[in-house]
1. Tell me the relative contact order for the range 181-336 as a rounded percent, counting alpha carbon contacts under 8 Å between residues six or more apart.
2. Hey, got the Cα dimensions of the range 377-516 along the principal axes, in Å, largest first?
3. What length, rounded to one decimal in nm, is gained on full extension from V270 through to N107, with 0.36 nm per residue of separation minus their alpha-carbon distance?
4. Counting each DSSP H run of 4 or more residues in the chain as -39500 (n - 2.57), what helix-only mean residue ellipticity at 222 nm follows after dividing by all residues, to the nearest 500 deg cm²/dmol?
5. Roughly how large, in nm² to one decimal, is the mean projection of the convex hull of the alpha-carbon atoms in the range 147-226?
6. Cut-off 16 Å, label point 7 angstrom out along Cα-to-Cβ of S125: give me the residues of the range 400-425 whose amide nitrogen falls inside.
7. For the range 335-352 and the range 1-48, what is the separation of their Cα centres, given in Å?
8. Can you tell me the Rg and the Dmax, both Å, for the Cα atoms in the range 31-104?
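Nothing in this text is a laboratory measurement; each read-out follows from the coordinates by a stated rule. Computed from a predicted model, the values in this text were never measured in an experiment. Cβ: placed from backbone, ideal geometry, glycine included. Neighbour counts: every protein chain shown.
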Amino acid sequence: MRITGTGHASMRIDTAAGSILCDPWVNPAFFASWFPFPDNSQLDWDRLGDVDYLYVSHLHRDHFDAKNLKQHISKKATVLLPEYPTSQLEDELRELGFTKFFKTRSNEVHELDGGLKVMIQALISPTDGPIGDSSLWVEHDGIRVLNQNDARPSDLTTFAELGHVHAHLLQFSGAIWYPMVYELPQNAKTAFGKQKRDRQFDRTWRYINDLKASHVFPIAGPPCFLDDELWQFNDIHGDEGNIFPDQSVFMSEYAKVGGTNGVVLLPGSVSELTEHSIDTSHPTDVDEFFANKQQHLEEMRERKRPIIEAEKASWRHPEIDVLGELKKRIEPLLEESLFMANGVGGPVRFDLTDSFGSGGEVVESIVVDFPGKQVRPYADEKVRYRFKTGRALIEHLIHIDEGDWVNSLFLSCRFSAARIGQYNEFVYSFFKCLSEERLQYAEGWYDEHERSVDAEDTVIGDWNVQRRCPHLKADLSRFGVLDGNTLTCQLHGWKFDLPSGRCLTSVGHKIRAEKS
């Protein structure tokens, strides 16, 4: 089996039974803040994209690069599709021209042509990406590879039980905005950052020890930050609290805990893997490359500057009434939100500036009032969470109808934040779910996992029915329509026969119902 490094979490896996391209990210992501490092834009993507199979692990834009997928990846490729609770990943790939999909079932091994075996483990809680993250296991001719990318399963038992893994590719570096964007004294940021950096490595060591693979590949990070306003986030300034260590730092830290089987992949590196050996070649000397990291970053910054400026020029939409549009889009979701709104428990404030980040003058302050179920101007009240960002970025989110602010605005690090008290998962879960479908799914997920076994019921006609649709957890008190003994969930059109509980739309998904 051959593994070719193509940058960040991307790789091409070649076997005698077929080739798989994974997460081919090239173009800047998250408001042009993240770029792959080392630079992979000069690879021959037409050649790399001429594959039998495509695997996109999830919809984060450092994994799902629409421009690269559309321009360079063969539309003859069969997409290996994770089993997600929504169809968004498939829908977006179809819009790019992909037509062949192999819909996997989570944690189930599938045998493809030529004896190539794959298994995808899909993670589907509201905190896993935009309703999803996944890992890919591949086996051919006795060689097994796990591409965990940046998924965080509770453990790797499911993969380990399938046999010894020869190559384990996993994330080790940070992929978040904490603590850098928080309005804290620098010494506090450094302390919190060091804690996070240590936890990242500890989590990585745990996964490595769980699987005990022959070879370990640090992938899925770090990104680099080439905009002058974000340059300080690169790990080149001697800051022990920087959460973006690179592969050379991984190798050093891994050696401290006894790791001797680490393998670095640069874009263009090739590892030839057998059951008992590995032979890796690189396009340049790895140690020398990372020793000159700052020089490479500075050269890359100058080369990418026009791309960043062109992106910035597209963000402003002064014709948009931000407050009015947010009221129109968010207030209906607040009305439908029970678990997340209660979990947030107070107003969240957005200070909008005249710059592309938190630096300029505040020109408008807006509150998302979760208890009051409204979006309104800030009224000098105390808030637990406050975000400060460029008005142009919010205008752009509205313009493109972005349903996930967390994996767009927040990952861009083009904001500052302050909070009172501990981290609140529900704040970020809500802002991942700015669409009817996502919100209904997340509310249903929390309903199912937060409540006791006796889940809440609702009355529809003369039936007592479980309140949440077995499909994607839509609220049947709102979306359920009864016709005789057939209940239709209008959010996605799924039908259920209430006397038997049988789903009439798909196998499984039985509903709990009884005559009242």
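1. Details: 105 pairs, mean separation 32.6, N = 156.
Averaging sequence separation for qualifying contacts and normalising by length gives 21 percent for the range 181-336.
2. Taking the Cα atoms of the range 377-516, the three principal extents are 54, 32, 28 Å.
3. Values: separation 163, 0.36 × 163 = 58.68 nm, distance 2.84 nm.
Separation in residues times 0.36 nm, less the Cα-Cα distance, equals 55.8 nm.
4. Numbers: 14 runs with 142 residues, N = 516.
The helix contribution divided over the chain gives -8000 deg cm²/dmol.
5. Values: hull surface 24.3 nm².
Across all orientations, the range 147-226 yields a mean hull projection of 6.1 nm².
6. The answer is 423-425.
7. 38 Å
8. Here Rg and the maximum Cα pair distance are 12.6, 36 Å.
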